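FYI, it's all coordinate maths here, none of it is from the lab. Worth saying up front: this structure is predicted, and the values here are computed from it rather than measured. A quick note on method: Cβ atoms are made from the backbone with ideal geometry, for glycine too, and the neighbour counts reach across all protein chains shown.
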Amino acid sequence: MLDAPHHHRLVIGLGAASRLLVAVAASIAAFIGTVAKADAFDFYVLSLSWSPTWCKAEPGRVGDRQCKEQRRFIVHGLWPQNERGWPQYCRSNEPDRVPSSMMRVIGDVMPSIGLAGHEWRKHGACSGLSQERYFRLLKEAYGRIKLPATVFDGKIERRLGVDDIETLMTKANPGLPRDGVAVSCDAGKFEEIRICMTKSLGFRACDEVDRQSCRLKTVSIPSAR
């Protein structure tokens, strides 16, 4: 009887150890699943950022390269997306850092190596592609999009309805459904256009992305000057 309390503690200890092993096994399984399913997503979202909005948001940005060059749209990212939610920070055999030499490939559409590195680690690694293939696909996706030249020439500040922007995009890009494009805004200013694309870069609908579109009726489109 004197050993009973010790025996009881031993049983509790074994139970806790068992639960810990189960938890560790589950964590390992989840980790392996993340690695194995880095390319398990449904479609891409091509996010195009209106550079003048970003440049004018903070005074210190005026000296940034893309602001000096008076860029208009730049590629914010090409994001693997699921019908509900999205993967991020997937494990990859590729390095975390993006070499500066990659700017020769994407510098005309994504002018910052810092942005490229962030986008690769958070989104690109989940594509299942190599760095080079991912960034070439990103640039190819941008090349598939036609942007209404008059509205987005960056010469003067304009004010336009969010619905009008989406309508202009669908008219300029045959096959792009209305629920396959979304406008994002910040503090009443036009921020980004997000376009849903298949893995082969065709247009497609995307209800969840479309529901996240800017809720304002009109937005200001800052000039690039």
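Counting every alpha-carbon pair across the stretch 71-120, the share separated by more than 17 Å comes to 44%. A simple spin-label model places pseudo-atoms 7 Å from Cα toward Cβ; at E83 and D153 they are separated by 4.4 nm.
With r as the distance between the Cβ atoms of K68 and H118 and R0 = 25 Å, compute the FRET efficiency 1/(1 + (r/R0)^6) and round to 0.05. So the FRET efficiency works out to roughly 0.75.
Comparing the stretch 39-221 with the 2.2 N^0.38 Å rule of thumb, its C-alpha radius of gyration ratio is 1.00 (two decimals).
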